[in-house]
Amino acid sequence: MSSTGAIAHVTVKSPDQMQELGRRLAPLLRPGDLVLLTGELGAGKTTLTRGLGEGLGVRGAVTSPTFVIARVHPSLTGGPALVHVDAYRLGGGLDEMEDLDLDVSLPESVVVVEWGEGKVEELSDDRLHVVIGRAVGGDAPHPEDEVDDVREVTVTGLGPRWSGTELDGLLVP
């Protein structure tokens, strides 16, 4: 069982802000980091990952890997590659994921797994778990915000890698 490190709660009001959150998260990441993204369809998981890709300076447009399962985006800046996985269509746990060789990619890459909860935790005791939830009805922090676009994002660092790490810089203006 991994210990909980840093936790941040962020309200995101638009897809642009979700992408900005990814850009702000990217400098905290290093080779070997595993990031799990949890949220319903259309919550903003791929948009967040697009921002991560921009922040990491990787090659290629970051789009949903739903049909190809995984895409590798090499770094253009000498940093880690981004391995973007969509586990939505994978029913099994780590056994099915092993075919993707994520354990081989993980040490030198940042691996982001959409729909990975309950499937890839065994890859690393150290991981970030990002949960994206929609604000519903009166939950929007400001009535003028377009409620459909408002998301409540919780970023939780798990394991020794994230203990003592500050996530305060993730707040999106």
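The values are calculated or read from the model by the stated rules, or taken from the named source; none is laboratory data. The structure presented is a predicted model; accordingly, all values stated were derived computationally and were not measured. Cβ sites come from the backbone with ideal geometry, for glycine too, and all protein chains shown count toward neighbours. Remember, those area values only see protein heavy atoms, side chains included, never the ligands or the DNA or RNA. Shrake-Rupley method; radii C 1.70, N 1.55, O 1.52, S 1.80 Å.
For region 127-158, give me the residue count where each residue is modelled with pLDDT under 90 and open to solvent by less than 50 Å² (accessible area, probe 1.4 Å).
4
Cβ-Cβ under 7 Å, sequence separation 6+ or interchain: first residue in region 37-65 and touching a residue at least 40 places away in the same chain (Cβ under 8 Å), partner surrounded by fewer than 18 Cβ atoms within 10 Å (Cβ to Cβ) and of a type in the set (A, V, I, L, M). Which pairs?
Every condition considered, the pairs that remain are 38/131; 39/131.
Among the listed residues 85, 58, 110, which satisfies the condition of being closer than 26 Å to residue 150 by Cα and either among the acidic types (Asp, Glu) or at pLDDT 85 or above (or both)?
Every option except 85 fails the conditions.
Out of region 59-68, which residues are open to solvent by 20 Å² or more (accessible area, probe 1.4 Å), of a type in the set (A, V, I, L, M) and within 14 Å of residue 82 (Cα to Cα)?
61
Any idea which residue in region 38-56 is farthest from residue 83 (Cα to Cα), counting only those that are of a type in the set (A, V, I, L, M) and open to solvent by less than 10 Å² (accessible area, probe 1.4 Å)?
Ranking the candidates gives 43 first.
Looking at region 1-37 only, could you name the residues that are within 11 Å of residue 170 (Cα to Cα), in contact with a Lys or Arg (Cβ under 8 Å, 6 or more places away or on another chain) and open to solvent by 10 Å² or more (accessible area, probe 1.4 Å)?
If the condition is that a residue be within 11 Å of residue 170 (Cα to Cα), in contact with a Lys or Arg (Cβ under 8 Å, 6 or more places away or on another chain) and open to solvent by 10 Å² or more (accessible area, probe 1.4 Å), then 11 is the only one that fits.
Looking only at region 118-126, decide whether some residue is open to solvent by less than 30 Å² (accessible area, probe 1.4 Å) and at pLDDT below 85.
Yes, some residue in region 118-126 is open to solvent by less than 30 Å² (accessible area, probe 1.4 Å) and at pLDDT below 85.
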